[in-house]
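The values are calculated or read from the model by the stated rules, or taken from the named source; none is laboratory data. Treat the numbers as computed from the prediction; the structure is a model and nothing was measured. Neighbour counts run over all protein chains shown; Cβ positions are idealised from the backbone, glycine included. Please note that ligands, DNA and RNA were not included when accessible areas were found on the heavy atoms of the full protein model with its side chains. Shrake-Rupley method; radii C 1.70, N 1.55, O 1.52, S 1.80 Å.
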Amino acid sequence: MKKGRLIVISGPSGVGKGTVVKALMERDPRVRLSVSATTRPIRPTEIDGVHYYFISHEMFEEMIQKDLFLEHAQYVGNRYGTPEGPVDEMLEQGFDVILEIEVQGGLQVMQRRPDAISVFIAAPSFEILGGRLRGRGDTDEEKVLMRLQQARMEYLVAPQYQYIVVNDRLEDAVSDVQSILRAEALKTEHQQHLLKEAL
Ligand code: 5GP
């Protein structure tokens, strides 16, 4: 069976990358999302083992020592990591696996897995990103400014991603990611079997 592809999706808080990923999975049953481990406290709407594996700092450290992470990073005081085993299992089963992770982790994956497809989701503008963060209602102004500062840092790393998709209209952003996956599949290096019989 053909192996699946590893897809890194990053982008600033408030850009709606979670929504893009969710819509993409609804459109394409061959796409799976990797469940990360984190030390951050669970939110009321979250389920352990579904949204994240919520683990202690000690456990996180132990997983690093045992080299169980494909990548891991610190983000606003908490630690996040992608358990490598389940990702490889899903890839072997032929699923395309999405890692929805921040940029430091994204860079690690690009280094360790050069065949990974990397997509940075950007907002149409910084003003719109600020507006979306404020529109969430649950964030005070100081937090919004902190997130915008964090977003600037992430934009500095964005040029290292292979693709940049603007999330203006959700439907368009999802179609853009699908187009990327389609074009990747049509690359000559993945189509050699079509040429072999003639040669
Ligand atoms: P949140 O705490 O809001 O769920 O996520 C904060 C940030 O951590 C988001 O940018 C999210 O994409 C990123 N993140 C989630 N899981 C991982 C992971 O396994 N590794 C890395 N490097 N970042 C992650």
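A few points about this structure:
- In nm, spacing of pseudo-spin labels at Val157 and Thr19 (7 Å Cα→C-beta vector): 2.4
- Rounded to two decimals, the Cα-based Rg/Rh of the chain, with Kirkwood Rh, is 0.98.
- Each Lys and Arg Cβ is given +1 and each Asp and Glu Cβ -1; about its Cα centre, the range 1-158 then shows a dipole of about 500 debye.
- Difference of contour (0.36 nm per residue) and Cα-Cα distance, Leu186 to Ile47: 46.3 nm
- For the range 80-179, trypsin sites (Lys or Arg not before Pro) meeting the loop criterion (DSSP other than H, G, I, E, B) and having at most 12 other Cβ atoms within 10 Å: Arg136, Arg169.
- Helices of the chain meeting both criteria, an alpha-carbon length of 20 angstrom or more along the long axis and an average Kyte-Doolittle score not below 0.0, with helices taken as full DSSP H segments, are 170-185.
- Loop trypsin sites (Lys or Arg not before Pro), the range 26-71 (other Cβ atoms within 10 Å of the site Cβ: 15 or fewer; DSSP): Arg30, Lys66
- Accessible area of the chain belonging to carbon and sulfur atoms, whole % at 1.4 Å probe: 53
- Across the range 6-198, the mean sequence separation of Cα contacts (distance under 8 Å, 6 or more residues apart), normalised by length, yields a relative contact order of 30 percent.
- Excluding exposed DSSP-loop GluC sites (Glu not before Pro) (at most 16 other C-beta within 10 Å), longest clean stretch of the chain: 47-196
- Normalised per residue, the accessible area of the chain is 57 Å², obtained with a 1.4 Å probe and no contribution from ligands, DNA or RNA.
- Remark: the range 107-159 carries a charge dipole of roughly 160 debye about the Cα centre, counting +1 on each Lys and Arg Cβ and -1 on each Asp and Glu Cβ.
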